[in-house]
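Shown next, in structure tokens, is the structure this report addresses.
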Amino acid sequence: MVRSKSEAIIADMLLNLKIPYHYEIPLNLSRTIVRYPDFTILKVSTREVFYFEHFGMMDDEEYRNNCFAKINEYRSYGIHTGRNLITTFESETMPLDIKSIRKMLKESYL
């Protein structure tokens, strides 16, 4: 079970590419801070763990501000976009780019 149609598409994509993942499992950033990234994935070849956050309501200002705050929080705990954090975004005018996400996953995580 996932929370949105786009997360279902991403989950199916990970499954089809045989990229191991868990959905919304706890990530302890500190003793008192726990977050639940959308996906925690494993790059099998290196045994590296990556986090995948999909931000799907970028038209909403409060949601957008929370999204940026979450990315900044991750960064302060050593989780960086382009290193160990995958982020995807969508809005009403910019839907999920399925082809690009699939290509990126195939090139980087298989």
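No lab work stands behind these numbers, since they all come straight from the coordinates. Source: prediction; values computed, not measured. Cβ sites come from the backbone with ideal geometry, for glycine too, and all protein chains shown count toward neighbours.
Among the GluC sites (Glu not before Pro) within segment 57-110, those in coil by DSSP and having at most 16 neighbouring Cβ atoms inside 10 Å are 92.
Placing +1 on each Lys and Arg Cβ and -1 on each Asp and Glu Cβ, with no other charges, gives the chain a dipole about its Cα centre of roughly 620 debye. In this calculation the C-beta distance from residue 57 to residue 29 is compared with R0 = 35 Å, giving a FRET efficiency of 0.90. Beta bridges per DSSP, both residues in the chain: antiparallel share near 60 percent. Each label was represented as a point 7 Å from its Cα along the Cα-to-Cβ direction; for residue 17 and residue 4 these points are 1.8 nm apart. Per residue of the chain, what 222 nm ellipticity follows from adding -39500 (n - 2.57) for every DSSP H run with n ≥ 4, rounded to the nearest 500? Here the helix-only value at 222 nm equals -11500 deg cm²/dmol. Of all the Cα-Cα pairs you can form in segment 66-110, what percent are over 14 Å apart? Tail of the P(r) past 14 Å holds 59 percent of the pairs. Contact order for the chain, expressed relative to its length and based on alpha carbon pairs under 8 Å spaced 6+ residues apart, stands at 23 percent.
Not counting the cut sites, what is the longest span of the chain without trypsin sites (Lys or Arg not before Pro) that DSSP labels loop and that have at most 16 other Cβ atoms within 10 Å? Please report the intermediate quantities before stating the final value.
Working: sites that count: 3, 18, 31, 47, 83.
Here the longest run is 48-82.
Taking segment 29-105 on its own, what percent of its Cα-Cα pair distances exceed 14 Å? Looking at segment 29-105, the distances longer than 14 Å represent 67 percent of pairs.
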